[in-house]
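This report refers to the structure that appears directly beneath it.
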Amino acid sequence: CSKPFRRARGELPCACIAGEASTNIVVEACEVRHSSGDGVCFNREGNISVRRCHFHGLGGGGIWFGYFGDGGEVSDCHVPHNGRYALGAAGVWAHMSRLSVVRNHVHDQPGCGLTLWIWHSLVASNHLHHTMRAIRDGGAMDGAQNFSVIRDNYLHDLGDWSGLYNDEGGRDSVYTGNRVEGCWWPFHMHDTYGVVVSNNVFTCDGCAMRFCFQGSAHAVFRDNVINTTIPIEDDAYLDSCDVWADNDIRLKQADGSYKSIGRLSLARRPAPPKSPAAVIAQPGAGLIFLDRDARGFASPGVPGARAKLSSDGTNLCVEGFYEYNKFISYKGSVNLGETVGRHDAVRFFFDGFTVTAF
């Protein structure tokens, strides 16, 4: 493959093995090295398997499963030292449903190890390390994972970026049995809904860890082992979790072992009331954020609900918005599957609500 590497949405990038709208193909026991493009690339594919292959020294990524695929497997592959001409290329990149990514070893990538825009899929027993060596947005595993299970993966030596990264409105996925070592930012659940992070082991010495559910709603964070040198008393993303409980906090001892100081649970508390809203007598005025649920708890949402107030001098007009799952035209909209084209129901509660009109 000698053509320069390039990729655009809807365009099949150059690769040593490639296909468009291909089905029922197995690529097995292949070695692909020192190419300017990807190793394997299929777009709008179905039932494609890549097994026991070795992709290294490539200009692009190792494996690329393109847009709108359904049914795939990447197993027992070794994917090191790629992305020489495309720093954003991932070891494995996929945008599809019913994908299985298991027992792969991906390392020494300038970008993400795995970039997975997936739903109804399994990501298990992969070994990821030395990723994100050149770019500055992503993680060892990036993308939006929906209705999927991410389990028993081993991540270490990840630099300053996150390990398990569910981005742009991913939802209803479970992260369990994973080990993330030497990383202060073991996971980043960004704008997610209903994810569960349970029974994992997170280890980092020398600095506080960030257990990040930024902009998320209804997360569960429980029964994890946290090996650290710093006791934990609170969490900045508590309001994004329905449950933050029973996490085993273990402090490092002089002999290098970790000793449990007990299981920690953090309880959410009702948030302080909002100040009275103020509007002026013209359309489109008075934007306020409604980030409290009916119980008074903070509800960050994804990115949340807001209301616009205006007055015609006699009547108060209220217009509501709910933007969960990114229904606007930017990259997050490629989070496909059951999440696209459907709005979740939202209800606004106005309890003791006062408005000052000018």
>> Could you put His188, His54, His81 in order of accessible surface area, largest first, with the 1.4 Å probe and the full protein assembly present?
In response: His81, His54, His188
> Taking square-rooted eigenvalues a ≥ b ≥ c of the alpha carbon gyration tensor, is region 119-161 rounded, prolate or oblate, where a/c under 1.5 means rounded and, failing that, a/b exceeding b/c means prolate?
Replying inline: oblate
> Over region 70-133, what relative contact order in percent results from Cα pairs under 8 Å that are six or more residues apart?
Replying inline: 35
>> If you roll a 1.4 angstrom probe over the protein chains with everything in place, what fraction of the accessible area of region 93-142 belongs to carbon and sulfur, to the nearest %?
In response: 51
> Given +1 on the Cβ of Lys and Arg, -1 on the Cβ of Asp and Glu, and no further charges, what dipole in debye does region 140-263 carry about its Cα centre, rounded to the nearest 20?
Replying inline: 340
>> At R0 = 22 Å, how high is the FRET efficiency between Ile261 and Tyr154 if r is their beta carbon distance? Nearest 0.05 is fine.
In response: 0.30
> Does region 1-131 classify as rounded, prolate or oblate by the C-alpha gyration tensor (a ≥ b ≥ c root eigenvalues; a/c under 1.5 gives rounded; else a/b over b/c gives prolate, otherwise oblate)?
Replying inline: rounded
> Does region 107-180 come out rounded, prolate or oblate by the C-alpha gyration tensor, with a ≥ b ≥ c the root eigenvalues, rounded set by a/c under 1.5 and, if not, prolate when a/b is larger than b/c and oblate if not?
Replying inline: oblate
>> For Glu20, Glu233, give me the order by solvent-accessible area with a 1.4 Å probe, most accessible first, ignoring ligands, DNA and RNA.
In response: Glu233, Glu20
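The values are calculated or read from the model by the stated rules, or taken from the named source; none is laboratory data. Just so it is clear, the model here is predicted, and its values are computed rather than measured. Using ideal geometry, Cβ is built from the backbone for each residue, glycine included, and neighbour counts are taken over all protein chains shown. Each accessible area value is taken on the protein alone, full model and side chains, heavy atoms only, with ligands, DNA and RNA left out. Shrake-Rupley method; radii C 1.70, N 1.55, O 1.52, S 1.80 Å.
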